[in-house]
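Encoded as structure tokens, the structure appears first; notes follow it.
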Amino acid sequence: MEKILFNILFFFILMFVIFFVDYYFVMRKKLKGKGKRKKEDIMEINYLVGKFKLDKSKLHYKPIALWCALINAFIMSFVATVVYNIKLHRAWQLLIAFVLLFALIYSIYEIYGRHLLRKEKRNNKNE
């Protein structure tokens with residue numbers, strides 16, 4: 001029971017730290033467009049726009065950047081927590097982490113992209 005509580009606490013603390021760093025130090029700087037960084041440089045949004053053919057002019061970048069930072073934090077902290085608890089050789093841990101990381105990135109961003117696509121279609125219908 002103690003180990004489960006430790007793992008849950010480890011997951012949430014790691015998720016909070018990763019979210020804080022990703023959103024406040026990476027995403028917000030790109031949203032403000034300071035220096036060379038611009039809204040168009042957010043890789044996650046570019047992936048979603050390209051894959052699901054979303055209209056860039058109708059996107060609200062702030063909530064999408066917030067959700068992308070939250071998704072990234074969840075994925076990284078989940079993979080770290082799972083790999084931390086696997087008692088195998090380090091090479092196997094890295095292999096499992098690599099596979100799990102790509103599977104989660106693809107699946108969660110696929111779900112989020114479909115959500116944005118439905119939302120865009122619904123807004124186009126109402127206009």
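Data overview
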quantity	calculated
Solvent-accessible surface (1.4 angstrom probe) belonging to Y106, in square angstrom, nearest 10	120
Where S107, S57 fall by accessible area, highest first, once all protein chains stay in place (1.4 Å)	S57, S107
Within a Gaussian network of the chain (alpha carbon springs, distance under 10 Å), most fluctuating of L95, L116, L54	L95
The chain, relative contact order in percent, only Cα pairs under 8 angstrom and at least six apart counted	28
Along principal axes, Cα extents of the chain, largest first, whole Å	53, 32, 28
H60, H115, ranked by accessible area, largest first (probe 1.4 Å)	H60, H115
Probe 1.4 Å, all protein chains present, accessible-area order of M27, M15, M43, largest first	M43, M15, M27
Within a Gaussian network of the chain (alpha carbon springs, distance under 10 Å), most fluctuating of L94, L14, L48	L94
Heavy atoms of V79: accessible area, 1.4 Å probe, square angstrom to 10	10
Computed helical MRE - 222 nm, the chain, DSSP H runs ≥ 4 contributing -39500 (n - 2.57), nearest 500	-26000 deg cm²/dmol
Equivalent-ellipsoid semi-axes of region 21-93, from the Cα gyration tensor, Å, largest first	30, 15, 10
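The values are calculated or read from the model by the stated rules, or taken from the named source; none is laboratory data. For clarity, every value in this text was computed on a predicted model and none was experimentally measured. We work out accessible area using only protein heavy atoms, side chains counted, and drop any ligands, DNA or RNA first. Shrake-Rupley method; radii C 1.70, N 1.55, O 1.52, S 1.80 Å.
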